[in-house]
Amino acid sequence: MNIWQAIDSFFYSKNMTKKAILYYLKMAFSLLVFVLVALLLYFGRQKFISWREMEAQKSLAEIITRLHEYKKGSSDTQALENFHQTIDIEQKKHSNSYIAPYFSVVKAEVFIIEENLPGALEALDDALVFQTDSVTKSIITTKRALLLLDMDPEQGIEKLKELASNKDNVVSDIAQFYLGRYYWVQNDIDAATKVWRDFVDEQSQYRISQSPYTVEVKTLLSTLGIKS
């Protein structure tokens, strides 16, 4: 049996010509090449994405570290300007990264240090535009509400109320805590007590993992002579 007879028997066709067999072999080979190229592109892309995200995380970590060092006691206004420039450059450099919005969050922190609350609010709005993670989005939205509380108490308090009462908000405990504290500072003890009592009642449902604010809220309520 020669090679063509072997190939012919492989395809189980006694009527298939050598030309037809070659055609199907070429088709099979082309398909194999296509699959191999697709796999290489897929794994190559995954590797590139992994490298891209690592570089973005490294850049963001370096900026945050420098910012923490600055907050320890520096009063160099030029350093803050440098922070803005660095953040803008790095955010543009890593604009395709999943963590690109976090650069805007850090930028907001720089604005807060500068006491530029409108600038901080704008930076947080920028972060929210491209943020897809629901937990992170809720945290940024809460931080935005706290900024509003300093800029426009009426708007800020309404936003905190919305976040505190929203059962789909996974960080509603943060909003509840600060809403109660706002009332506390304003000497509206009844309102603060109601917010914090609701907070404690809700947290009692979570036996495994309660809010980190639970102990502080119970301590504050106890100072008012209220058992929780």
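On a full-extension model of 0.36 nm per residue, what is the gain between K72 and I189, subtracting their alpha-carbon distance, rounded to one decimal in nm?
Residue separation times 0.36 nm, minus the Cα-Cα distance, leaves 38.6 nm.
Spin-label point model (7 Å from Cα, Cβ direction): what's the D150 to H84 distance in nm?
Label at D150, label at H84, 1.7 nm between them.
Using a Förster distance of 35 angstrom, determine the FRET efficiency expected from the C-beta separation of K58 and L128, and round it to 0.05.
Calculated transfer efficiency: 0.90.
At 7 Å along Cα-to-Cβ for each site, give me the label-to-label distance between D198 and T219 in nm.
About 2.5 nm separates the two model spin labels.
Any read-out appearing in this document is the output of simple, stated calculations on the displayed coordinates, not a laboratory observation. Note that the coordinates shown come from a computational prediction; the quantities given were computed from them, not determined experimentally. Here the Cβ is made from the backbone with ideal geometry for all residues, glycine too, and neighbour counts use every protein chain on show.
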